[in-house]
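Student: This structure is in structure tokens; I'll ask about it shortly.
Only the coordinates and a few stated rules stand behind these numbers; no lab work does. Just so it is clear, the model here is predicted, and its values are computed rather than measured. Virtual Cβ from ideal backbone geometry, glycine too; neighbours counted across all protein chains shown.
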Amino acid sequence: MTRALLCTLTVLALAPGLAFAAAPVVPTESRVPGGIALLDLGASPGEPGPVMYNDHRAPVVRNGETWTAVVGIPLDTPPGPQAARLVGAEGKEVRALPFTVVPKQYAEQHLTVKDQRKVDPNAEDLARIDREKVRIDRALGAYTTDFTPPWQMLPPVPGERSSSFGLRRFFNGQPRNPHSGMDIAAAEGTPIVSPAAGRVVEAGDFFFNGNTVFVDHGHGVVTMYCHLSRIDVQPGDPVAAGSILGLVGATGRVTGPHLHWGIGINRAMVDPALFLAADENPQPAAAR
Ligand SMILES: [Zn+2]
């Protein structure tokens, strides 16, 4: 047996646990609210689609001999039957892509924030929140094809990753929207790196999210980084994997410095843990 062949065998044997192992073709599937459904589109010479779900276009990837739609499931999706749509070139439905969402009971989380206005915004704040919602929807709804989204990412900052995605939140005793991202504990000023190549689609100071950066990774996959102390990029900037986006801070509705990391697929915010290798996954911890 030649040395080259021996090396190959060694790499194959060790690959699953190594950082340089080939990235997976698709993310981890989890057909729950806030999860991802992988829908088989069968074999075809070219990319089938588009695939639409809740009026947003979902990524389609080649998966061996066949094609797979990667569909983000919004957190407020009721358990039960759902269907994405495979659409032809003229916009007509070619076939339904049914799947079943299984229930997941997310825990409650009670947080206390000092600034009561972040819990009960005044009329001026509400007008601002409405304007910002349009920008956020536009950023998270981006569908471009300049980049190919990665299905496995490194965390954008080192630190303790809390399993806080999906928690049903109460601020100062009042129910608010569920938590749609992953909080990572990190000191103020820690650099935040883009976990993949893409283009900055939006950046600015938002009422709840504080200083925030949105990065479009292509095909409906957009990541967001909130509560920054400083933003180092501008809309339109291309970023590489590892590019610094800004610094960890405590701006917006927070209890202390941390990074809020969100990932959207076809506009649905999904659990970022589905994009992390198993050894990068979060431990249960106090969320911020
Ligand atoms: Zn958060």
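Student: Taking the 0 to 90 degree range and rounding to the nearest ten, how far is the long axis of helix 3-14 tilted relative to the main principal axis of the chain, both from C-alpha atoms?
Tutor: 40 degrees
Student: What distance in nm separates the simple spin-label points at D120 and T144, each placed 7 Å from Cα in the Cβ direction?
Tutor: Placing both labels 7 Å along Cα→Cβ, they lie 4.2 nm apart.
Student: Taking springs between alpha-carbon atoms closer than 10 angstrom, which of T145, T223, T28 fluctuates most in the Gaussian network model of the chain?
Tutor: T145
Student: Which residue, E124, E29, E93, has the most motion in a Gaussian network model of the chain that connects Cα atoms within less than 10 Å?
Tutor: Of E124, E29, E93, the Gaussian network model singles out E124 as fluctuating most.
Student: What residue among I73, I265, I129 has the largest mean-square fluctuation in a Gaussian network model of the chain, using Cα springs under 10 Å?
Tutor: Answer for the Gaussian network model of the chain: I129.
Student: Something else now. Relative to the longest principal Cα axis of the chain, at what angle does helix 123-140 sit, 0 to 90 degrees, rounded to 10?
Tutor: 10 degrees
Student: Work out the P(r) tail for region 219-259: percent of alpha carbon pairs separated by more than 14 Å, whole number.
Tutor: Details: 436 of 820 pairs.
Here the tail beyond 14 Å accounts for 53 percent of pairs.
Student: Determine Rg/Rh for the chain; Rg is computed over alpha-carbon atoms and Rh is the Kirkwood hydrodynamic estimate from the same atoms. Working shown, then result.
Tutor: Working: Rg = 19.8 Å, Rh = 20.0 Å.
For the chain, the value is 0.99.
Student: Let me ask another. Testing the spin-label approximation: label points 7 Å from Cα along Cα→Cβ at E108 and N63. State their distance in nm.
Tutor: Here the modelled spin labels are 3.8 nm apart.
Student: In addition: With charges only on Cβ, +1 for K and R and -1 for D and E, what is the dipole size of region 83-200 about its Cα centre, in debye, rounded to 20?
Tutor: On the way: 17 positive and 14 negative charges, 52 e Å.
Rounded to the nearest 20 debye, it is 240 debye.
Student: Taking amide H atoms as placed 1.01 Å from N in the peptide plane, list the residues 5 or more away in sequence, or in a different chain, whose amide H sits under 5 Å from that of A84.
Tutor: L97, F99
Student: Turning to a different aspect of this structure: Would you pull out the residues with amide H under 5 Å of L75's amide H, same chain only if 5 or more places away, H placed 1.01 Å from N?
Tutor: G34, M269
Student: Can you tell me the FRET efficiency between D55 and R168 if r is taken as the Cβ-Cβ distance and R0 is 30 Å, rounded to the nearest 0.05? Walk me through the numbers before you get to the answer.
Tutor: Values: r = 26 Å, r/R0 = 0.86.
Using R0 = 30 Å, I get an efficiency of 0.70.
Student: Label points 7 Å out from Cα along the Cβ direction at D205 and D237: separation in nm?
Tutor: About 1.8 nm separates the two model spin labels.
Student: When the dipole is taken about the Cα centre of region 131-252, and only Lys, Arg (+1) and Asp, Glu (-1) are charged at their Cβ, what size is it in debye, to the nearest 20? Mind showing how you got there, number by number?
Tutor: On the way: 10 positive and 11 negative charges, 84 e Å.
Around 400 debye, computed over region 131-252.
Student: In Å, what Rg and Dmax follow from the Cα atoms of region 129-273?
Tutor: Computed over the Cα atoms of region 129-273, radius of gyration and Dmax are 13.9, 44 Å.
Student: If you restrict to DSSP beta bridges whose two residues both lie in the chain, what percentage is antiparallel, to the nearest 5? Intermediate results must be reported in sequence, preceding the final value.
Tutor: Working: 59 of 64 bridges.
Of those bridges, close to 90 percent are antiparallel.
Student: Something else now. Work out the length of the dipole vector of the chain about its Cα centre, built from +1 on the beta-carbon of each Lys and Arg and -1 on the beta-carbon of each Asp and Glu, and round it to the nearest 20 debye. Don't skip to the end; give the middle numbers.
Tutor: Values: 25 positive and 28 negative charges, 54 e Å.
Roughly 260 debye, rounded to the nearest 20.
Student: How high is the relative contact order of the chain, given as a whole-number percent (alpha carbon pairs under 8 Å, six or more residues apart)?
Tutor: Numbers: 717 pairs, mean separation 56.0, N = 288.
Relative contact order of the chain: 19 percent.
Student: Taking amide H positions as placed in the peptide plane 1.01 Å from N, state which residues far from L167 in sequence (5 or more) or on other chains have amide H under 5 Å from it.
Tutor: H179
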